[in-house]
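*Asks:* Structure provided below as structure tokens; questions to follow.
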Amino acid sequence: MTSKEMLEKCMLCPHKCGVDRTNGKTGVCKATDKIKVALVSTHNYEEPCISGTKGSGTIFFTGCNLKCVYCQNYEISSGMFGKEITIERLAEIMIEQQARGVLNINLVTPTMYALQIKEAIVLAKEKGLSIPIVYNSGGYENVEMLKELDGYIDIYLPDLKYINDEYARKYSNAPNYFEHATKAILEMRRQVKDSIDEDGIMKSGLVIRHMILPNMVENTKGVLKWIKDNLGEEQIISVMAQYFPTHKAMEYEEINRKITKEELEEVENYIFELGLENGYIQELGEHEEEYVPNFNLDNV
């Protein structure tokens, strides 16, 4: 089945909206069949194995199949700020990012454009693209779609946000999030093996992100326990403490604050209790300001 045919009745993500995106119709993600990009930048505050000292070449895509009430990039995920580009232009942007000396091409929120991105990667490699491709997603993926990307993605950087489906529905409009995200992560793990060079830079592999939410330490513990039980102690994780109430989070009293020192310490203690060996734990407030990019279209 061609990309066009798959977009005529879009079933790319677990929402399975079934809309004809080639005819301008949109589902939950609000994306048509036209690629839309809001920001092309060099990002120095990803995980050290991703950004290193040279930075990660981020491409922020417009729209999202999650509707997180606390989204820090809501201007593009919900507001749809961005510029429509062709597959050919996306390939050119990848080459331009490589020329800037970045360590990788970091596709941020790529799910709804995955098929077009695949085509762009093929074109970019024909023009000399040689640095790793990072698939940086919210984790709400279909395994069938991910199989289309097998061999095209070097590094998977998914979130694993919730084990609790009530939270997933309430805060991200993502029914059965845990079921879909964990199946997706297992498929990602099947596709890529961890490879890190002598400078600590990842060339291929899987890093699982989780952001601690206020009043939800037990949710975090459940996520970490699943990782340990299903992927082992050596799985690379990135536990983030950068949460702050933004977008619509102020409407929910229970998440209308930053996490506390005590919450972070409880999570840290649990990580050591589980014996998880690899990854990162963010300090409170670390790089908080860096997670609200100044979106612009200068390089698009």
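The values are calculated or read from the model by the stated rules, or taken from the named source; none is laboratory data. It should be emphasised that the depicted structure is a prediction, and the values quoted were computed from it without experimental measurement. Neighbour counts run over all protein chains shown; Cβ positions are idealised from the backbone, glycine included.
*Asks:* Between a first residue in the stretch 86-113 that is of a type outside the set (Phe, Trp, Tyr) and a second residue that is in a helix (DSSP H, G or I) and surrounded by fewer than 15 Cβ atoms within 10 Å (Cβ to Cβ), which pairs have beta carbons less than 9 Å apart while being 6 or more apart in sequence or on different chains?
*Replies:* Partner pairs satisfying both residue conditions: Ala91/Val122; Ala91/Glu126.
*Asks:* Identify the single condition in (1) touching a Gly at 6+ places or on another chain (Cβ under 7 Å); (2) under 24 Å from Leu224 (Cβ atoms); (3) crowded, with 23+ Cβ neighbours inside 10 Å; (4) among the β-branched types (Val, Ile, Thr) that Ile76 does not satisfy, given that it satisfies every other one.
*Replies:* Unmet condition: (2).
*Asks:* Quick one: what pairs do we get from the stretch 8-30, first residue within 19 Å of Ser78 (Cβ to Cβ) and modelled with pLDDT of 95 or more, second among the basic types (Lys, Arg) and outside any loop (DSSP other than H, G, I, E, B), C-beta under 8 Å, 6+ apart or different chains?
*Replies:* Correct list of pairs: Cys10/Arg21; Gly27/Arg21.
*Asks:* Could we say that Gly139 is in contact with a Leu (Cβ under 9 Å, 6 or more places away or on another chain), on the phi > 0 side of the Ramachandran plot and either part of a helix (DSSP H, G or I) or of a type outside the set (Asp, Glu) (or both) here?
*Replies:* Considered against the rule, which asks whether it is in contact with a Leu (Cβ under 9 Å, 6 or more places away or on another chain), on the phi > 0 side of the Ramachandran plot and either part of a helix (DSSP H, G or I) or of a type outside the set (Asp, Glu) (or both), Gly139 comes out as yes.
*Asks:* Under 16 Å from the mean Cα position of the chain (by Cα) and at negative phi - does that describe any residue in the stretch 79-87?
*Replies:* no
*Asks:* Could you check how many residues of the stretch 33-70 are surrounded by fewer than 22 Cβ atoms within 10 Å (Cβ to Cβ) and farther than 25 Å from Ser204 by Cα?
*Replies:* 6
*Asks:* Pull up the stretch 205-258, narrow it to residues that are touching a Lys or Arg at 6+ places or on another chain (Cβ under 9 Å) and on the phi > 0 side of the Ramachandran plot, then point me to the one that is surrounded by the most Cβ atoms within 10 Å (Cβ to Cβ).
*Replies:* Among them, the one singled out is Gly205.
*Asks:* Related question: So which residues in the stretch 188-227 are charged (D, E, K, R) and in contact with a strand residue (DSSP E or B) (Cβ under 9 Å, 6 or more places away or on another chain), if there are any at all?
*Replies:* Hits for the stretch 188-227 are Arg189, Lys193, Asp194, Asp197, Lys203, Arg209.
*Asks:* Now, a different point. I'm trying to understand the selection: among the residues of the stretch 259-280, which are surrounded by 13 or more Cβ atoms within 10 Å (Cβ to Cβ) and within 13 Å of Val217 (Cα to Cα)? Outline the logic, then answer.
*Replies:* Applying the first criterion (surrounded by 13 or more Cβ atoms within 10 Å (Cβ to Cβ)) to the stretch 259-280 yields 259-260, 263-264, 266-268, 270-271, 274, 276-280.
Across the stretch 259-280, the qualifying residues are Ile259, Thr260, Glu263, Leu264, Glu266, Val267, Glu268, Tyr270, Ile271.
*Asks:* While we're here: Which numbered condition in (1) within 21 Å of Leu123 (Cβ to Cβ); (2) touching a residue at least 12 places away in the same chain (Cβ under 8 Å) is the only one that Gln72 fails?
*Replies:* The number of the failed condition is (1).
*Asks:* Out of Val192, Val292, which single residue is under 23 Å from Ser137 (Cα atoms), modelled with pLDDT of 95 or more, out of contact with any Cys (no Cβ under 8 Å at 6 or more places or on another chain) and of a type outside the set (Ser, Thr, Tyr)?
*Replies:* On the way: Val292 fails: modelled with pLDDT of 95 or more.
From the options Val192, Val292, the qualifying one is Val192.
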